[in-house]
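Trainee: This is the structure I want to talk about, given as structure tokens.
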2 protein chains.
Amino acid sequence: MSKKNKGFVQQITDMDGDFAQWYTDVVKQADLIDYGPVRGTMIMKPYGYALWEHIRDVLDNRIKQTGHSNVQFPLFIPESLLQKEKDHIEGFAPEVAWVTHGGSEELHERLVVRPTSEVLFCDYYARNIHSYRDLPMLYNQWANVVRWEKTTRPFLRSLEFQWQEGHTAHATHEEAEIETRQMLDVYTEIVENQLAIPVIRGTKTENEKFAGAVYTLTIESLMHDGKALQSGTSHHLGTGFAESFNITYLDEKGTQNHVHQTSWGITTRLIGALIMVHGDQSGLVLPPKVAPTQAILIPIAQHKDGVLDKARAILHQLTPHIRIQLDDSDKTPGWKFNEHEMKGVPIRIELGPKDIEKNQAVLVRRDTREKIIVSLEALPTALTQLLETIQSDLYQTAKEKQLAKTTSVSSFVEFAASLTSNPGFIRAMWCGETACEKAIKEQTGATARCIPFEQASLSEHCVYCGKEAQKEVYWAKAY
Amino acid sequence: MSKKNKGFVQQITDMDGDFAQWYTDVVKQADLIDYGPVRGTMIMKPYGYALWEHIRDVLDNRIKQTGHSNVQFPLFIPESLLQKEKDHIEGFAPEVAWVTHGGSEELHERLVVRPTSEVLFCDYYARNIHSYRDLPMLYNQWANVVRWEKTTRPFLRSLEFQWQEGHTAHATHEEAEIETRQMLDVYTEIVENQLAIPVIRGTKTENEKFAGAVYTLTIESLMHDGKALQSGTSHHLGTGFAESFNITYLDEKGTQNHVHQTSWGITTRLIGALIMVHGDQSGLVLPPKVAPTQAILIPIAQHKDGVLDKARAILHQLTPHIRIQLDDSDKTPGWKFNEHEMKGVPIRIELGPKDIEKNQAVLVRRDTREKIIVSLEALPTALTQLLETIQSDLYQTAKEKQLAKTTSVSSFVEFAASLTSNPGFIRAMWCGETACEKAIKEQTGATARCIPFEQASLSEHCVYCGKEAQKEVYWAKAY
Ligand SMILES: [Zn+2]
Ligand SMILES: [Zn+2]
């Protein structure tokens, strides 16, 4: 190994032996992040941030198409403001960062670094909503938030993370309901179509819902190790915040009413999901739609006459069609193969003297390693089609893995056993009692991920207490 | 005035009577911002944030075209890290916010909410730069920063603001010099071509340079009231930070060297500049290139048969060409005129029954109020051309105002007098002594804005002490 390559593409941990360590290795080796100087903070490096930009840009476009406007609210929340909504402060107070001094002076009132911004939007709505004509208010912001987590992992749980938070106010409960569901649909579309990650859609239990919400809708995805990851949530806040903050509007009949609110968000956690759903023993595997580089062109025997010239001509030809890069560094082809596999580039294009002679290039799929020989003229079309195929295959593969890791059970013995024999989603009936839900969590570590929209009747009895079943629930250990 | 319009398009303060109050009125009436619950913080409302998005997107594109990658560094800086560079901590310590508690626990080490991120990038560079092959490192981030300012004004000086901060590391002093200048050129291009704001380009004096820099380049613009506003800065950091943080690389000959760094930034202050350069007694005047809405279509007698249908057809026809909106609300045309004038929409399109009969529309320029009658077929071309004309006219008008408010003086008596008789830029020679610069500031309130790149020899003597002149300097009272 040449000296200059020191530190890159080292062996990574076996993913089936120690998945957590494999994850950490991939995150570092694929050049996604570095650690910040404060415990639990991370630096999103160019490759990791480009991935986020691709997710963000598509979602931002959908958020605007659905009638929302971007805004930017402040980072700091006065302590008294956070305390206005009782459930909310109880949910967040244990995990916030406190600003106590500005310059050399101690502040009269402590400030919270926003863990989420409901109370800031409520305070604004209370001052700015007067009449039904002001409704709906459809706001979104891209922002950093801080939660003082004890144990942290890059992307999955960090002291500070990037996210998008939507905050809306409506005239009626039904309008807020439609909004809550619409944004879950948008998230589903992004996560399934862009990230190629299949999700289970449903409602959170009372116990798992957002602090201060009437109900929380969620999309849940399943990682390679059988653990679930909450991938996006959309909350119907009802009138609870509006009552605490006195957010009212005058309707057409001249009556004062409280507004009905929603909030919804996705975070950089989605990058963690990408890694853990599609990744393999060689590193990242990125879906073409969000891959910063969709194809990497690697010249073979690049010192030979004409190879680099031809490679550059092909790069030039393909640039309008796909996100392509040429690796003409002085590393060996084998080294480059490993490096771009680690980074999950969907297609490798190999071009050597013999290929040029035959007027062809070799395409290698990152996901299946399949090799496809294509004539140079056919490259733009072949690549565009192959990217689409990879995108759809990644989704299919992930869906099959998710189904294979999903077990329907009708007894608690089966429930507990399946967590070891086939870690993943457990579908089981539930009586609706929080006591049962908590007992299951305590005894197995699995939590209620969601009450799926599409309900099946697997049994007539609660999997834990045996009483009459009310709902089918997806359970899993979760990140 | 109908009740539902209450609160909008009220009379604003006379701009030549009380410019500060006019500014505050415009910022609120044009719906750019609201105030946050913490003193000195602001909420960027949809219209204000859309303006920022237009500036950001163009600049982001240029930053990427010039070879930089976006990254995202953490919000928090450990106190010990900030203290590593002596000048830097002295410059920033008095105005930072301190996090002292996380959850219910007091932290072992206080954290600073980033006022700027040099030390975070330096800490990263020290760990990640090893060889000349790692250079240059060309990073940028879009982020929020916090400075604990005593007196604040929306956009101009706030506790928290949005900005872009570039941080680069290079092998040589010369490369860093080229980078520093290149980014000032990019800023010049954005501010002059997109925002239509003419700037004076130059170097800051030692006294005014960035804390920790070898030198600071700046673009300075002039507001309607004759005060200057620093609109973008680019710092050559030399090896000072590299020495404090031990950032070294091995060159091709095997020698360890310190890297040479730069940093550069522009902020939401630019929105303040837009307001104060182009605004008039009716509110905002936006340059077409950054205007969220470039043309507003206002139907006249919209209740009459066919008017709204025709307006919608025209909207549909024009949407691919320009950023256009139709105001079909039930407000009166006069009310709509005022509202969109306040918001600075570059062109108003009036369309009434008589216009439809004559197959025409009336275009009204926001900047000059000029009315232009255009046949409906010619609308796309006429609008596109008119937007270009407005963009270029706004720049010309601003340039003429800037020149008219620029006075060359050769004595301190003239200097002091011109600050009252014609507030604006004062061009005067300087001996290079900080003592003179500080005396001028104390006695007049004017600061050295920059030592312009294009030097004139106005006199052989320093305007203050009479000693031999070294440099021409642009002076002004400043925001
Ligand atoms: Zn039960
Ligand atoms: Zn002097």
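The values are calculated or read from the model by the stated rules, or taken from the named source; none is laboratory data. From a predicted model like this one, the values you see are computed outputs, not experimental measurements. Reconstructed Cβ throughout: ideal geometry from the backbone, glycine too, with neighbour counts over all protein chains shown.
Trainee: Checking the structure you have, find out if any residue of segment B:154-174 is modelled with pLDDT of 95 or more, in a helix (DSSP H, G or I) and among the hydroxyl-bearing types (Ser, Thr, Tyr).
Mentor: Within segment B:154-174 (the criterion being modelled with pLDDT of 95 or more, in a helix (DSSP H, G or I) and among the hydroxyl-bearing types (Ser, Thr, Tyr)), the answer is no, since none of the residues qualifies.
Trainee: Pairs only if they're at least six apart or on different chains, beta carbon under 7 angstrom, first in segment B:45-57 and over 10 Å from residue B:31 (Cα atoms) and at pLDDT 95 or above, second in a helix (DSSP H, G or I) and among the aliphatic types (A, V, I, L, M); list them, first residue then second.
Mentor: The qualifying pairs are B:51/B:271; B:52/B:271; B:55/B:270.
Trainee: Evaluate the following for residue B:394: is it touching a residue at least 40 places away in the same chain (Cβ under 8 Å) and within 26 Å of residue B:310 (Cα to Cα)? First the steps, then the outcome.
Mentor: Numbers: touching a residue at least 40 places away in the same chain (Cβ under 8 Å): yes; within 26 Å of residue B:310 (Cα to Cα): no.
In short, no.
Trainee: Just one of A:305, A:309 is out of contact with any Ser or Thr (no Cβ under 8 Å at 6 or more places or on another chain), more than 26 Å from residue A:194 (Cα to Cα) and modelled with pLDDT under 95; which is it?
Mentor: Only one candidate qualifies: A:305.
Trainee: State all residues of segment B:93-116 that are surrounded by fewer than 22 Cβ atoms within 10 Å (Cβ to Cβ) and under 26 Å from the mean Cα position of the chain (by Cα); if no residue qualifies, say none.
Mentor: B:93, B:94, B:95, B:115
Trainee: Here is a further query. Identify, from the list A:124, A:139, the residue that is among the aromatic types (Phe, Trp, Tyr) and either touching a helix residue (DSSP H, G or I) at 6+ places or on another chain (Cβ under 7 Å) or more than 9 Å from chain B (Cβ to nearest Cβ) (or both).
Mentor: Values: A:124 fails: either touching a helix residue (DSSP H, G or I) at 6+ places or on another chain (Cβ under 7 Å) or more than 9 Å from chain B (Cβ to nearest Cβ) (or both).
On inspection, the qualifying residue turns out to be A:139.
Trainee: Assess whether residue A:394 counts as being among the hydrophobic types (A, V, I, L, M, F, W, C), surrounded by 14 or more Cβ atoms within 10 Å (Cβ to Cβ), more than 24 Å from the chain's Cα centre (by Cα) and more than 15 Å from ligand 1 (Cβ to nearest atom). Before you say what the answer is, go through the steps one by one.
Mentor: Details: among the hydrophobic types (A, V, I, L, M, F, W, C): yes; surrounded by 14 or more Cβ atoms within 10 Å (Cβ to Cβ): yes; more than 24 Å from the chain's Cα centre (by Cα): no; more than 15 Å from ligand 1 (Cβ to nearest atom): yes.
It is false that residue A:394 is among the hydrophobic types (A, V, I, L, M, F, W, C), surrounded by 14 or more Cβ atoms within 10 Å (Cβ to Cβ), more than 24 Å from the chain's Cα centre (by Cα) and more than 15 Å from ligand 1 (Cβ to nearest atom).
Trainee: Among the strands (runs of 3 or more DSSP E) contained in segment B:186-260, which hold 2 or more residues that are assigned by TED's automatic domain parsing to the domain that holds residue B:84 and surrounded by 20 or more Cβ atoms within 10 Å (Cβ to Cβ)? Write out each step before concluding.
Mentor: Values: elements: B:200-203, B:215-222, B:228-238, B:248-250, B:256-258.
Once the strands (runs of 3 or more DSSP E) in segment B:186-260 are filtered for at least 2 residues that are assigned by TED's automatic domain parsing to the domain that holds residue B:84 and surrounded by 20 or more Cβ atoms within 10 Å (Cβ to Cβ), what remains is B:200-203, B:215-222, B:228-238.
Trainee: Let me ask you something else. Just name the residue that is nearest to residue B:204 (Cα to Cα) out of those in segment B:438-461 that are surrounded by fewer than 23 Cβ atoms within 10 Å (Cβ to Cβ) and near ligand 2 (Cβ under 10 Å from one of its atoms).
Mentor: So, considering only residues that are surrounded by fewer than 23 Cβ atoms within 10 Å (Cβ to Cβ) and near ligand 2 (Cβ under 10 Å from one of its atoms), the one nearest to residue B:204 (Cα to Cα) is B:439.
Trainee: Find the helices (runs of 4 or more DSSP H) located wholly in segment A:45-101 whose residues include 1 or more that are over 27 Å from residue B:73 (Cβ atoms) and away from chain B (no Cβ under 12 Å), and list them. Let's see the steps before the verdict.
Mentor: Details: elements: A:46-65, A:79-82, A:86-92.
Helices (runs of 4 or more DSSP H) meeting the threshold: A:46-65, A:86-92.
Trainee: Identify, by number, the condition in (1) in the same structural domain as residue B:143 (by TED's automatic domain parsing); (2) in contact (Cβ under 8 Å) with a residue 12 or more places away in the chain; (3) of a type outside the set (Gly, Ala, Ser); (4) over 28 Å from residue B:453 (Cα atoms) that residue B:284 doesn't meet.
Mentor: (1)
Trainee: Then there is this: Restricting to segment A:397-416, name every residue that is touching a residue at least 60 places away in the same chain (Cβ under 8 Å) and either charged (D, E, K, R) or within 16 Å of ligand 2 (Cβ to nearest atom) (or both).
Mentor: Within segment A:397-416, A:399, A:401, A:405 qualify.
Trainee: Only one residue in A:328, A:309, A:305 is among the charged types (D, E, K, R) and not in a loop (DSSP other than H, G, I, E, B). Which one?
Mentor: Numbers: A:328 fails: not in a loop (DSSP other than H, G, I, E, B); A:305 fails: not in a loop (DSSP other than H, G, I, E, B).
Among A:328, A:309, A:305, only A:309 is among the charged types (D, E, K, R) and not in a loop (DSSP other than H, G, I, E, B).
Residues are listed down the side, and each one gets a yes or a no for (1) among the hydrophobic types (A, V, I, L, M, F, W, C); (2) at pLDDT 95 or above; (3) under 30 Å from residue B:125 (Cβ atoms):
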{"site": "B:204", "(1), (2), (3)": "no, yes, yes"}
{"site": "B:207", "(1), (2), (3)": "no, yes, yes"}
{"site": "B:214", "(1), (2), (3)": "yes, yes, yes"}
{"site": "B:253", "(1), (2), (3)": "no, yes, yes"}
{"site": "B:262", "(1), (2), (3)": "no, yes, yes"}
{"site": "B:287", "(1), (2), (3)": "no, yes, no"}
{"site": "B:295", "(1), (2), (3)": "yes, yes, no"}
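Trainee: Looking only at segment B:366-391, which residues are surrounded by 15 or more Cβ atoms within 10 Å (Cβ to Cβ) and of a type in the set (D, E, K, R)?
Mentor: B:366, B:367
Trainee: Can I ask one more? Which residues, counting only those in segment B:408-433, are touching a Ser or Thr at 6+ places or on another chain (Cβ under 8 Å), outside any strand (DSSP E or B) and within 18 Å of residue B:229 (Cα to Cα)?
Mentor: Across segment B:408-433, the qualifying residues are B:419, B:422, B:424.
Trainee: How many residues, within segment A:417-434, are touching a residue at least 24 places away in the same chain (Cβ under 8 Å) and either over 18 Å from residue A:461 (Cβ atoms) or surrounded by 23 or more Cβ atoms within 10 Å (Cβ to Cβ) (or both)?
Mentor: Kept after step one, since they are touching a residue at least 24 places away in the same chain (Cβ under 8 Å), are these residues of segment A:417-434: A:419, A:422-434.
Those left that are additionally either over 18 Å from residue A:461 (Cβ atoms) or surrounded by 23 or more Cβ atoms within 10 Å (Cβ to Cβ) (or both): A:419, A:422-426, A:428-430.
Residues flagged as touching a residue at least 24 places away in the same chain (Cβ under 8 Å) and either over 18 Å from residue A:461 (Cβ atoms) or surrounded by 23 or more Cβ atoms within 10 Å (Cβ to Cβ) (or both) within segment A:417-434 amount to 9.
Trainee: While we're looking at this one, here's another question. With respect to residue B:369, determine if the residue is modelled with pLDDT of 95 or more and over 19 Å from residue B:202 (Cβ atoms). Give the derivation first.
Mentor: Values: modelled with pLDDT of 95 or more: yes; over 19 Å from residue B:202 (Cβ atoms): yes.
It is true that residue B:369 is modelled with pLDDT of 95 or more and over 19 Å from residue B:202 (Cβ atoms).
Trainee: Evaluate segment B:398-409: report whether one residue or more is away from chain A (no Cβ under 14 Å), under 30 Å from residue B:350 (Cα atoms) and away from ligand 1 (no atom under 16 Å from the Cβ).
Mentor: Within segment B:398-409, the subset away from chain A (no Cβ under 14 Å) is B:398-409.
Among the residues that remain, those that are also under 30 Å from residue B:350 (Cα atoms) are: B:398.
Filter once more, so that each one left must be away from ligand 1 (no atom under 16 Å from the Cβ): B:398.
The answer is yes, given that some residue of segment B:398-409 is away from chain A (no Cβ under 14 Å), under 30 Å from residue B:350 (Cα atoms) and away from ligand 1 (no atom under 16 Å from the Cβ).
Trainee: Filter segment B:424-437 for residues that are within 11 Å of ligand 2 (Cβ to nearest atom) and either small (Gly, Ala, Ser) or within 26 Å of residue B:399 (Cα to Cα) (or both) and give the result.
Mentor: Let us first name the residues in segment B:424-437 that are within 11 Å of ligand 2 (Cβ to nearest atom), namely B:428-437.
Once the filter is applied, which keeps residues that are within 11 Å of ligand 2 (Cβ to nearest atom) and either small (Gly, Ala, Ser) or within 26 Å of residue B:399 (Cα to Cα) (or both), segment B:424-437 yields B:428, B:429, B:430, B:432, B:435.
Trainee: For segment B:462-479, enumerate the residues that are in contact (Cβ under 8 Å) with a residue 40 or more places away in the chain, within 14 Å of ligand 2 (Cβ to nearest atom) and in a loop (DSSP other than H, G, I, E, B). If you could, list the steps in order and put the result at the bottom.
Mentor: Of the residues in segment B:462-479, the ones in contact (Cβ under 8 Å) with a residue 40 or more places away in the chain are B:463-464, B:469-479.
Remaining after also requiring within 14 Å of ligand 2 (Cβ to nearest atom): B:463-464, B:469-473, B:475.
The answer is B:463, B:464, B:469, B:470.
Trainee: If you don't mind, another one. Could you figure out which of (1) touching a helix residue (DSSP H, G or I) at 6+ places or on another chain (Cβ under 6 Å); (2) farther than 21 Å from residue B:61 by Cα isn't true of residue B:204?
Mentor: Every listed condition holds for residue B:204 apart from (1).
Trainee: Oh, and also: Test residue A:469 against the stated conditions and say whether it is within 16 Å of ligand 1 (Cβ to nearest atom), within 26 Å of residue A:195 (Cα to Cα) and outside the structural domain of residue A:198 (by TED's automatic domain parsing).
Mentor: no
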